[in-house]
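K.L.:
Before we start, here is the structure in question, set down as structure tokens.
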Amino acid sequence: MRAGKFITFEGIDGSGKTTQIRYLADYLESLGYEILLLREPGGTKISEEIRRILLDMKNEGMEPETELFLFEAARSQLVREVIGPALERGAWVISDRFHDSTTAYQGYGRGLPLDMVHELNRRAIGDVVPDMTILIELGAEARKSRLGKRREDGQRDRLDVESEAFKQRVCDGFLAIAEEEPDRVFRIESQDNKEDTARLIREQVRRILL
Ligand code: TYD
């Protein structure tokens, strides 16, 4: 039995997920919940090692299937070693990306068959399905300017350098997921002011989970 709650954040790179996760975690902590913050890929020793392989700019020859299996391998470990036990003891787990990223990036972005992606997602996560998912949406212009800043900072990884067309397919993929699962996935438009976005997210979480 699951005593805790599981929230995932999704969106294209540069959508401001990480900042918003921090705001939500602070809010839930102030209500007295135990909060566990995670990011995917990563969160366990093995998953962090897989992350390094996935994001390494030197691995430009990685095949789409290899990429898919590595994301699922990292996730299998994280679910069994960390997320499952945390939910059982009653913690609230918030993850920066989860299985919807694989559907959007490897399925819609890379063009791998969606039935294969869904099946591997199911195998990796079992019944650890998020209680709710926040999809942060950002217009194409705002996205370019935010990503431009990251590039100047030299923080690029293997997936950051993908084409605009790839990113557009990923965005379309996230929207398709939101349409298919409207009871789990909530679209939040990123506002100019971060605190306004945080408030929208808080309202949604209160409505659904509190
Ligand atoms: P990260 O630096 O964590 O990106 P972000 O801050 O945008 O979340 O890098 C993770 C990258 O991996 C990101 O480009 C999205 C991608 N990704 C996938 O392609 N598939 C997946 O299943 C996951 C979890 C991430």
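K.L.:
Before anything else, pin down the relative contact order of the chain: Cα pairs under 8 Å, at least 6 apart, normalised by residue count, whole percent.
P.N.:
Answer for the chain is 32 percent.
K.L.:
Could you pull out the trypsin sites (Lys or Arg not before Pro) across region 39-82 that fall in loop regions by DSSP (anything but H, G, I, E, B) with no more than 11 other Cβ atoms inside 10 Å?
P.N.:
Lys58
K.L.:
Ignoring ligands, DNA and RNA, what accessible area per residue does region 1-44 give at 1.4 Å, in Å²?
P.N.:
That works out to 41 Å² per residue.
K.L.:
Here's something else I'd like to know. Hand me the GluC sites (Glu not before Pro) from region 1-79 located in a DSSP loop with no more than 11 other Cβ atoms within 10 Å, in residue order please.
P.N.:
Listed in order of number, the matching sites are Glu60.
K.L.:
Also: For region 185-192, what does the Karplus curve 6.51 cos²θ - 1.76 cosθ + 1.60, with θ = phi - 60°, yield as ³J(HN,Hα) per residue in whole Hz, taken in order and with x for Gly and Pro?
P.N.:
9, 10, 8, 10, 6, 5, 8, 4
K.L.:
With equal scatterers on the alpha carbons only and no solvent term, can you work out the Debye log10 of I(q)/I(0) for region 50-148 at 0.23 1/Å?
P.N.:
-1.28
K.L.:
Return, for the Cα atoms of the chain, the radius of gyration and Dmax in Å, separated by a comma.
P.N.:
My reading of the Cα-based Rg and Dmax gives 16.4, 47 Å.
The values are calculated or read from the model by the stated rules, or taken from the named source; none is laboratory data. Just so you know, these numbers come straight off a predicted model, no measurement behind them. Glycine gets a Cβ as well: all are built from the backbone with ideal geometry, and neighbour counts include every protein chain shown. Areas reflect the complete protein model, heavy atoms only, side chains present, ligands, DNA and RNA absent. Shrake-Rupley method; radii C 1.70, N 1.55, O 1.52, S 1.80 Å.
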